[in-house]
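**Student:** Structure in structure tokens, see below.
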Amino acid sequence: MKLDPAQLKKILVASGFIKEADFDLAAKSAQELNTNISDILIFRGLISEQALGQIIAESLDVPFVTIGQQIIPLEVLSLVPEKIARVYKIIPFGIDKQTLKLAMIDPTDFEALEFVRRQTGMPVQPYYATEADVKKALGQYKKNIKADFEEIITKNIKLTQEQKTQDILKIAEDLPIIKILNTILEYAIAEGTSDIHIERQAEEVMVRFRVDGVLRDIIVLPLKVDQALVARVKILSKLKIDEHRIPQDGRYKYNMSGEVVAFRVSIIPGYYGENVVMRLLPETTRPQSLEELGFAGRNLKIIKSEIHRPHGMILVTGPTGSGKTTTLYSVLNMLNNVDTKLCTIEDPIEYGLNRLTQIQVNNKSGLTFAAGLRALLRHDPDIIMVGEIRDSETAEIAVHSALTGHLVLTTLHTNTAPGAIPRLLDMGIEGYLLASTVNVIIAQRLVRKICQNCLIEVTPDKNTLEYFKKILGKDISKQKFYQGKGCEECGKTGYKGRIGIYEIFQVGEAIRKLTIAKPSEDDLKAQAVKEGMTTMIEDGVDKVASGLTTLTEVLRAVRE
């Protein structure tokens with residue numbers, strides 16, 4: 001059987017990785033929040049997922065394996081049906097001397113082992129893998145979607161064109177259009193897509209996916225299916241099917257073999273017809289810890305220290321799509337426990353958490369960020385997250401909330417962390433108020449990660465090295481550099497997944513004095529660097545040295 005909390009506690013405390021008091025607090029929070037103890041331990045940075053997996057595997061006397069990034073041969077994967085793999089949370093990943101290697105979240109599950117032995121006719125060697133890792137690997141069952149995607153779409157387009165009815169609503173509810181949309185959605189989920197774009201052109205309909213921040217053309221559909229496809233999206237999102245002149249926003253959920261994904265839908269009238277964008281928000285995946293997001297070293301230490309202060313303000317800055325909300329939700333995950341009241345005001349709400357009070361901005365009804373924040377202050381909160389400071393009124397209420405004993409988490413659109421102070425001063429907030437409330441400012445960007453399946457060592461060109469030498473004031477040519485060669489796993493791009501690069505601006509005594517004097521961004525940056533701040537480009541170069549990303553990606557992100 002799986003390790004129960006008492007067994008897990010005994011093993012982890014004995015290993016020296018976790019103190020007994022820390023484990024007890026995590027266990028209490030897990031019970032109160034109805035979540036996994038392991039997730040709480042990882043969220044709070046008490047242990048890494050890798051180290052936890054190794055310890056559990058040793059206690060169960062089985063090997064430990066990480067399979068989330070492995071490419072599993074299709075002939076091995078097909079030995080265990082997908083439905084069974086998802087039910088038992090197992091995945092075959094290799095064959096060694098006629099013995100099947102099976103990754104399991106519970107290597108002592110006799111029923112699962114016996115089923116696989118009978119199904120394959122092979123002896124089975126169980127391996128322990130974390131639940132999150134197994135879930136990632138299960139996505140490889142969707143490789144057949146990639147292979148059959150165009151064939152399925154073409155077949156169902158033909159069936160749609162053969163229909164004699166002109167009733168768009170009837171066509172939208174018939175099987176061919178349902179199959180076309182479902183196939184697009186499932187392919188998008190399998191590819192790790194963040195946004196699906198359905199764009200009406202003069203002579204065709206273009207479907208594009210945004211993967212790792214970059215748009216890719218996926219398939220061209222005939223105009224014949226356009227209206228029915230848009231109508232199908234409207235039906236699912238509970239939008240007005242007969243309204244084509246104004247923008248509409250909606251939301252719906254899609255369940256793909258137990259993986260629930262929320263789709264946030266935006267439909268706008270274009271010149272040739274309606275265009276659809278669907279943002280994918282997975283609900284069944286575990287939120288990432290700060291370490292998994294890319295925080296490390298001094299930056300990680302500062303954040304962990306600052307988020308446990310009883311009041312003040314934590315700001316995250318960066319352009320749209322740079323992962324600001326994801327960072328704030330990782331922090332909220334760490335702070336979420338039964339004796340703390342967490343409230344948010346957002347536009348839109350992108351994530352859900354147990355025991356979290358969330359308000360959706362609705363400008364039409366007068367529920368703005370400022371109005372929602374005022375309401376939350378009467379809701380007896382301990383921690384408040386404001387999705388974005390867009391105006392002086394919201395900024396003023398947020399600052400006063402931080403002054404009156406609340407911890408306020410929020411975002412702001414500035415390019416650098418030191419630049420947030422002058423921006424708030426421009427909004428009319430007094431310097432002495434900022435000096436008293438702002439604890440730390442995080443600036444961030446997202447860079448694509450090198451595909452670990454096709455990683456090779458390379459030598460950058462001299463111009464690029466000279467550019468970085470000029471910016472950093474040091475020569476980096478002696479370190480190693482890598483890139484992805486391009487393979488099937490990464491769609492020939494050389495990149496798979498994204499990670500953050502950060503700039504952490506901690507507001508100490510010297511910075512507070514400068515803030516009161518209404519300084520320039522350059523003055524603040526100079527003082528922060530003097531105190532040891534790692535600039536965003538320096539953090540990016542550190543991740544290049546670790547083989548996580550490329551100099552090209554760092555330049556692209558920092559220059560945006």
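**Student:** How many residues does the range 389-408 contain that are open to solvent by 30 Å² or more (accessible area, probe 1.4 Å), within 18 Å of Gly318 (Cβ to Cβ) and either modelled with pLDDT of 95 or more or among the aliphatic types (A, V, I, L, M) (or both)?
**Tutor:** Result for the range 389-408: 0.
**Student:** Then there's this: Kindly indicate whether any position in the range 93-100 is assigned to a helix (DSSP H, G or I), in contact with a helix residue (DSSP H, G or I) (Cβ under 7 Å, 6 or more places away or on another chain), open to solvent by 20 Å² or more (accessible area, probe 1.4 Å) and without any contact (Cβ under 8 Å) to a residue 60 or more places away in the chain.
**Tutor:** No; the residues of the range 93-100 include none that is assigned to a helix (DSSP H, G or I), in contact with a helix residue (DSSP H, G or I) (Cβ under 7 Å, 6 or more places away or on another chain), open to solvent by 20 Å² or more (accessible area, probe 1.4 Å) and without any contact (Cβ under 8 Å) to a residue 60 or more places away in the chain.
**Student:** Report, ordered by the first and then the second residue, all pairs with beta carbons closer than 6 Å, sequence separation of six or more or different chains, a first member in the range 145-168 that is under 12 Å from Glu186 (Cα atoms), and a second member that is of a type in the set (Asp, Glu) and modelled with pLDDT of 75 or more.
**Tutor:** Cβ pairs passing all conditions: Ile145/Glu186.
**Student:** Residues being more than 27 Å from the chain's Cα centre (by Cα) and either surrounded by 13 or more Cβ atoms within 10 Å (Cβ to Cβ) or acidic (Asp, Glu) (or both): count how many of those fall in the range 240-250.
**Tutor:** 4
**Student:** Exactly one condition in (1) open to solvent by 20 Å² or more (accessible area, probe 1.4 Å); (2) assigned to a helix (DSSP H, G or I) is not met by Val62; state its number.
**Tutor:** All conditions pass for Val62, except number (2).
**Student:** Under the condition of being free of Cβ contacts under 8 Å to residues at least 40 places away in the same chain and among the hydrophobic types (A, V, I, L, M, F, W, C), which residue from the range 410-436 is surrounded by the fewest Cβ atoms within 10 Å (Cβ to Cβ)?
**Tutor:** Selected residue: Met427.
**Student:** For the subset of the range 233-286 comprising residues that are free of Cβ contacts under 8 Å to residues at least 12 places away in the same chain and not polar (S, T, N, Q), which member is nearest to Lys142 (Cα to Cα)?
**Tutor:** Lys240
**Student:** Kindly state which strands (runs of 3 or more DSSP E) lie completely within the range 302-383 and contain at least 2 residues that are touching a residue at least 12 places away in the same chain (Cβ under 8 Å) and under 24 Å from Gly250 (Cβ atoms).
**Tutor:** Correct list: 342-346, 356-360.
**Student:** Now for a separate question. Only one of Leu52, Leu33, Leu74, Leu79 is closer than 22 Å to Glu259 by Cβ, under 27 Å from the mean Cα position of the chain (by Cα) and touching a residue at least 40 places away in the same chain (Cβ under 8 Å). Can you tell me which?
**Tutor:** Going through Leu52, Leu33, Leu74, Leu79 in turn, just one is closer than 22 Å to Glu259 by Cβ, under 27 Å from the mean Cα position of the chain (by Cα) and touching a residue at least 40 places away in the same chain (Cβ under 8 Å): Leu33.
**Student:** Return the residue satisfying two criteria in turn: it lies in the range 269-299 and is part of a helix (DSSP H, G or I), out of contact with any strand residue (DSSP E or B) (no Cβ under 9 Å at 6 or more places or on another chain) and within 12 Å of Gly45 (Cα to Cα), and of such residues it is least open to solvent (accessible area, probe 1.4 Å).
**Tutor:** Ranking the candidates gives Leu290 first.
**Student:** Given Ile471, Ile450, which one is surrounded by fewer than 22 Cβ atoms within 10 Å (Cβ to Cβ) and either free of Cβ contacts under 8 Å to residues at least 12 places away in the same chain or aliphatic (A, V, I, L, M) (or both)?
**Tutor:** Ile471
The values are calculated or read from the model by the stated rules, or taken from the named source; none is laboratory data. All of these numbers come straight from a predicted model, not from anything done at the bench. We place every Cβ from the backbone using ideal geometry, glycine too, and count neighbours over all the protein chains shown. Surface accessibility is based on the protein's heavy atoms, side chains included, excluding ligands, DNA and RNA. Shrake-Rupley method; radii C 1.70, N 1.55, O 1.52, S 1.80 Å.
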